[in-house]
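Working notes, structure below.
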Amino acid sequence: MHKTIHTDVAIIGAGTAGLYALREVRRANKPFVLIDKGPLGTTCARVGCMPSKLTLHAGAIQRLQQNPANQSGTVDADKLNNTWAQLQAQRDFFANKASNMAISAAQDQLLTGTARFLDPTTLEVSNNGQTTLVHAKKVIIANGSRPAVPGWLDPVLKYTVSTDELFELKELPSSIGILGLGAIGMEMGLALARLGIKVVGADLSPAIAGIADPQINEQAIARFGQEMELWLGQPTAVSLADKGVLLQSGNRQARVDLLLAALGRRPNLDSLNLQEAGFPLNEKGIPTFNPHTMQITGLPVFLAGDCTGSKTLMHEASAEGSIAGFNAVQDSPVCFRRMVSLGIAFTDPDIFSAGASKAELDKHNIITGLAEGGSNGRARILSEADSLLHIYADAENGTLLGAAGMAPHAEHLAHLLAWAIQRGETAVSLLQMPFYHPVLEEMVQSALQDIVRQLPHKPAWPFGLAPVNHH
């Protein structure tokens, strides 16, 4: 027995992108249906940004409380698991808040079940043997991503958790291996190491946390290699060991109680029947779409959030959801300007990149402005003299193009620099802003001064000053 729904907009996925899309559809007073298979609550709140930051904060407190003089090397398991339970309770608060937001936004237009396309505007939604047919004028696909757990981990699956499963553990192991040292792998590795767990992290890439600047990568490895073992730049083999997993890479080996697979995320598109329903797909199985309208080529269907396979970041998902939702209720889609790229790993000291990366800029004529923590008063006070900042600017006119660095609380430097890059600031114009003393922002000032010194046409005025224009 089929139930059939006719509506203007069908949104698949009640995560960040789906909820932002829904906000725009509701603002236009258009009929909609929101489809989600559950559990509700965004990736960010349930398994991503929020629980990882809670764990990092707990690790930071633990690190402050440790007295190196009486460090026995043993972990108080009860205390550790008590901390973990408190973190899970806080995580549930964030997840439930996100879940309640979805329920109150969609109300009786929330359809629980798994969706698949019969054609680009007809969906079949299944839930416990019941099916509902949804005919929509426009469809928004925003059904997120899931952790990639490759087949070669099958022999050790019993001792393996994905980033989605980590926060469901009832108790923490005394040692853990982490495969994949992107931002999440590094954040979780350092957080767990600071809670007292022995951590071995491995990655095929020679870079950690996605760092594209070789000098900053070198500095970060030297810094974080003191807290957890880092095996970089070669493959790691896994095999079953006595009640755990044996890791082997080159001539190194280690036995760990548990393995965390932090090998990236893959779009949840494979269950949607896209190819059979006539969608244009690229070689990765992702529909071809315009990133400025989020519309899939030639169809009244839009894509948003993690399932696009590009940047799996909350601020990108909310922007994409808003663009998709807005355009789904227009007669013809509007092209929107996309934000400058911004990435932060909350590794304490934080690692960040803003704007174009060193790798992307290598073929352009650029100047790199350098600032080191050893020359910054505040960094030295915080015992963070190994901080490092690079700002990349156009070699002719000093326009800022990108930045990367490692510094304490660099989440703030990252925002300032991303904003400056998006506003089209030059090294000269940004130096005319006030810089207090002693603050970490003076590293930005130093790097900008370094750029201006290298410019072919230097301003006649002192650094940081501009004459008043008298008319």
Amide proton proximity set for ALA241, modelled H, under 5 Å, gap of 5+: LEU246
Under 8 Å for C-alpha pairs, at least 6 residues apart: give me the relative contact order for the chain, rounded to a whole percent. 15 percent
What are the radius of gyration and Dmax of the stretch 392-460, computed over its Cα atoms and given in Å? 11.6, 35
Taking the simple approach of a point 7 Å from Cα along Cα-to-Cβ for both LYS30 and LEU370, what is their distance in nm? 5.3 nm
Karplus (6.51, -1.76, 1.60) ³J(HN,Hα), θ = phi - 60°, over the stretch 312-319, in Hz, Gly and Pro reported as x: 8, 10, 4, 5, 6, 5, 5, 5
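Heavy atoms only, 1.4 Å probe, whole protein assembly: order ASP164, ASP270 by accessible area, highest first.
Numbers: ASP164 45, ASP270 95 Å².
So, going from the largest accessible area down, we get ASP270, ASP164.
Select from the stretch 227-263 those trypsin sites (Lys or Arg not before Pro) which occupy a DSSP coil region and have at most 11 other Cβ atoms within 10 Å, ordered by residue number. Provide the component values of the computation, followed by the final result.
Values: sites: LYS243, ARG252, ARG255; in loops: LYS243.
Within the stretch 227-263, the qualifying trypsin sites (Lys or Arg not before Pro) (loop, at most 11 other Cβ atoms within 10 Å) are LYS243.
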Would you compute, for the Cα atoms of the stretch 345-405, the largest minus smallest coordinate along each principal axis and list the three values in descending order, in whole Å? 36, 23, 14
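Considering every pair of different Cα atoms, what Kirkwood radius, in Å, is found for the stretch 333-471? If you can, show how the numbers build up before the last one.
On the way: mean 1/r = 0.0647 Å⁻¹.
Result for the stretch 333-471, one decimal place: 15.5 Å.
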12 Å reach of a label modelled at ASP8, 7 Å along Cα-to-Cβ, counting backbone N of the stretch 136-159: 137-138
Can you send over the solvent-accessible area of LYS3, 1.4 Å probe, protein chains only, in Å² to the nearest 10? 120 Å²
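May I ask you to derive the FRET efficiency for GLN226 and GLN449 from their Cβ-Cβ distance with R0 = 30 Å, giving the value to the nearest 0.05?
Values: r = 31 Å, r/R0 = 1.04.
For GLN226 and GLN449, the calculated efficiency is 0.45.
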Fully extended, how many nm does the chain gain between THR297 and PHE336 (0.36 nm per residue separation, minus their Cα-Cα distance)? 12.4 nm
Counting each DSSP H run of 4 or more residues in the chain as -39500 (n - 2.57), what helix-only mean residue ellipticity at 222 nm follows after dividing by all residues, to the nearest 500 deg cm²/dmol? -9500 deg cm²/dmol
Taking the Cα-to-Cβ direction at VAL439 and at HIS315 and moving 7 Å from each Cα, how far apart do the two end points lie in nm? 1.8 nm
Can you give the Kirkwood hydrodynamic radius for the chain, in Å, rounded to one decimal and based on Cα pairs? 24.5 Å
Please give the contour-minus-distance gain from GLN90 to ASN251: 0.36 nm per residue of separation, less the Cα-Cα distance, rounded to one decimal in nm. 53.8 nm
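Over the Cα atoms of the stretch 241-364, what is the Rg over Rh ratio if Rh follows Kirkwood? Display every interim value, and only then the final one.
Details: Rg = 19.9 Å, Rh = 18.0 Å.
My calculation of the ratio gives 1.10.
If the viscosity is 1.306 mPa s and the temperature 10 °C, what translational diffusion coefficient in µm²/s does Stokes-Einstein give for the stretch 291-348 when Rh comes from Kirkwood over Cα pairs?
Values: Rh = 12.2 Å.
Rounded to a whole number, D works out at 130 µm²/s.
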Could you state how much accessible area ASP350 has, in square angstrom rounded to the nearest 10, with a 1.4 Å probe and all protein chains kept in place? 10 Å²
Can you put LEU19, LEU313 in order of accessible area, largest first, using a 1.4 Å probe? LEU313, LEU19
Cut-off under 5 Å, modelled amide H: who pairs with HIS409 long-range: ASP350
Suppose we keep just the alpha-carbon trace of the stretch 137-179; what are its Rg and Dmax in angstrom? 15.2, 54
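Which order do the peptides 142-150, 189-197 come out in when sorted by mean C-beta neighbours inside 10 angstrom, highest first?
Numbers: 142-150: 20.7, 189-197: 23.9.
Ranking, from highest mean packing down: 189-197, 142-150.
By accessible area of protein heavy atoms, probe 1.4 Å, what ranking do SER126, SER387 get, highest first?
Values: SER126 45, SER387 0 Å².
From most accessible down to least: SER126, SER387.
The values are calculated or read from the model by the stated rules, or taken from the named source; none is laboratory data. All values reported here derive from a predicted model rather than from experimental measurement. Every residue, glycine as well, gets a Cβ built from its backbone with ideal geometry; the counts of neighbours run over all protein chains shown. Accessible surface areas use protein heavy atoms only, side chains included; no ligands, DNA or RNA. Shrake-Rupley method; radii C 1.70, N 1.55, O 1.52, S 1.80 Å.
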